[in-house]
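**Q** Before we start, here is the structure in question, set down as structure tokens.
The values are calculated or read from the model by the stated rules, or taken from the named source; none is laboratory data. Source: prediction; values computed, not measured. Using ideal geometry, Cβ is built from the backbone for each residue, glycine included, and neighbour counts are taken over all protein chains shown. The accessibility values were calculated without ligands, DNA or RNA, using every heavy atom of the protein model including side chains. Shrake-Rupley method; radii C 1.70, N 1.55, O 1.52, S 1.80 Å.
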Amino acid sequence: MTLRNLKPWIDYAQRQGFAIGAFNANTMEQVQAIVLAAQAEYAPVIIQVSHNALLYVGSGSAIRGLQYMARIGKVAAQSVDVPVALHLDHATEDEVLQAIALGFTSVSYTHLTLP
């Protein structure tokens, strides 16, 4: 599959009384494990990426980290048959805008100056 907007799945889960897991990822291996577990359970999943994860993955550059994680998330989603969303969690305005342009399916804006 491709990355999906999980809003319809979240609405369905709420009506049916179950949750959709959201898991933080800092590395490619963590993303792989998350989607493989979702596939094994045949359940939709949300991969969350934080500002600090972006800095780690991008060797100090949050924008480079976004580029890496967007590509990794897309490939991971294509490797399974369950809906996968890619969420940028608590990011700056610049990071949010870049994440949307790169294909992240949801974002969380934090009005703080992050290092």
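**Q** Count, please, the residues in the range 36-49 that happen to be among the aliphatic types (A, V, I, L, M) and in a loop (DSSP other than H, G, I, E, B).
**A** Number of matching residues: 1.
**Q** Next up: Within the range 5-45, can you find the residues that are touching a strand residue (DSSP E or B) at 6+ places or on another chain (Cβ under 6 Å) and in contact (Cβ under 8 Å) with a residue 60 or more places away in the chain?
**A** Passing the criteria: 6, 22, 24.
**Q** Please work out which residue is surrounded by the most Cβ atoms within 10 Å (Cβ to Cβ), limiting yourself to the range 66-91 and to residues that are of a type outside the set (A, V, I, L, M) and touching a strand residue (DSSP E or B) at 6+ places or on another chain (Cβ under 8 Å). Quick ask: steps written out before the conclusion?
**A** Here is the first cut: in the range 66-91, the residues of a type outside the set (A, V, I, L, M) are 67-68, 71, 73-74, 78-79, 81, 83, 87, 89-90.
Subset that is touching a strand residue (DSSP E or B) at 6+ places or on another chain (Cβ under 8 Å): 73-74, 83, 87, 89-90.
Values: 73: 26, 74: 17, 83: 21, 87: 21, 89: 18, 90: 16.
Going through the qualifying residues, I end up with 73.
**Q** I've got another one for you. Specify which of the listed residues (33, 22, 99) is open to solvent by less than 90 Å² (accessible area, probe 1.4 Å) and either within 17 Å of residue 1 (Cβ to Cβ) or part of a strand (DSSP E or B) (or both). I'd like the intermediate steps shown before the answer.
**A** Details: 33 fails: either within 17 Å of residue 1 (Cβ to Cβ) or part of a strand (DSSP E or B) (or both); 99 fails: either within 17 Å of residue 1 (Cβ to Cβ) or part of a strand (DSSP E or B) (or both).
Matching residue, one of 33, 22, 99: 22.
**Q** Here is a further query. Tally the residues that are modelled with pLDDT under 95, open to solvent by 50 Å² or more (accessible area, probe 1.4 Å) and either assigned to a loop (DSSP other than H, G, I, E, B) or of a type in the set (Gly, Ala, Ser) (or both), restricting the search to the range 5-18.
**A** So the count comes out to 2.
**Q** Any idea which residue in the range 36-52 is nearest to residue 90 (Cα to Cα), counting only those that are open to solvent by 90 Å² or more (accessible area, probe 1.4 Å) and not acidic (Asp, Glu)? Let's see the steps before the verdict.
**A** Filtering the range 36-52 down to residues open to solvent by 90 Å² or more (accessible area, probe 1.4 Å) leaves 36, 41-42, 52.
Those left that are additionally not acidic (Asp, Glu): 36, 42, 52.
Values: 36: 25, 42: 28, 52: 10 Å.
Residue satisfying both the conditions and the ranking: 52.
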